[in-house]
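Accompanying notes for the structure given below.
Please treat every number below as a calculation from the coordinates, not as lab data. Just so we're clear, the structure is a prediction, and the values are computed from it rather than from any experiment. Neighbour counts run over all protein chains shown; Cβ positions are idealised from the backbone, glycine included.
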Amino acid sequence: MEKVNPDLVARDANEKPLAMKPTGDIAQKKKELSGLLIFQEQCLDCPRSIPDQPEGPAPDLIFSESGLGIEVTEYLLGQGKDGSHSHRLERVRQRVVREAQSEYERNFPLCLQVEVIWATMDCPTKREEKPISQALAGLVASQTSGSGKLCRISWEQFDELVLQKYVSEVSIYLMGEIGQSGWSRAAAFWL
C-alpha cells in the first residue's frame, strides 16, 4: 500500500479542505487520519480508500463505498478511577490559557505571542481556573502597556499568589497591532 500524507488528504464529506475549520479541529482530524493509516497498514480487512472526515456528530472517519464509519477514541494506560491525570491537566491548562487570551483580547487589540510555562504537575481546581485566567490576562495587559516588544516574567515577579503556585514563567512578544495572536502553554519540570 502506498504511504499517504494525512496533511494532503484530510478532507470532509463535502470535499472541503480542513483548513477552513478551527485549528484544533484540523489537528485532531489529522491525528485521527494518521492513526487510521497506520491501522490500514496492519489490517488487511480495513478498506484501502481514504475516508471522509465529516463534522460531528457523525463518526470521525467514513468509508462511503462500504458504509463503514469509525469513531476514534484515545485510551491512556494506567488511569485511575478519575481518568488520566496528565490528560486532565492538559485540558485544564488549555482552558485556562484560552480564557486568559479571550479576556485579554476583549480589552486590547494587540497581536501577541504569549507562552505560559507551567511549573507543577498539580492540577488547578475548578475554582482556581478563573482566578488564574484573570491573573494571566492582567499580567499580560500590564506588560504590554509599555514600549517593549519582548518580555519574560518569572514567578518571583508575579503579584498573584495563584500564579506563583502554578506558573513558572510567562513570555510575551508583541507582534503588532493587527493579526492573530497565539497563546500557548508548556510544562517545565524542576529537577
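Test of the criteria: in segment 85-175, which trypsin sites (Lys or Arg not before Pro) are in a DSSP loop and have at most 13 other Cβ atoms within 10 angstrom of their Cβ? Walk me through the numbers on the way to the answer.
Working: sites: R88, R91, R93, R95, R98, R106, K126, R127, K149, R152, K165; in loops: K149.
Passing sites in segment 85-175 are K149.
Quick check on the exposure proxy: order C151, C123 from fewest to most C-beta atoms within 10 angstrom.
Working: C151 14, C123 17.
Placing the least packed residue first, the sequence is C151, C123.
What is segment 85-187's relative contact order, in percent, from Cα pairs under 8 angstrom and six or more apart in sequence? Write out the running numbers ahead of the final one.
Details: 158 pairs, mean separation 47.0, N = 103.
Averaging sequence separation for qualifying contacts and normalising by length gives 46 percent for segment 85-187.
Which of the peptides 110-119, 169-178 is most tightly packed, and how do the rest follow, judged by the mean count of other Cβ atoms within 10 Å per residue?
On the way: 110-119: 19.3, 169-178: 15.2.
Order by mean packing, descending: 110-119, 169-178.
Once you have all Cα-Cα distances for segment 25-143, histogram them in 10 Å bins from zero and send the whole-percent values.
The calculated distribution, bin by bin, is 11, 29, 24, 23, 12, 2.
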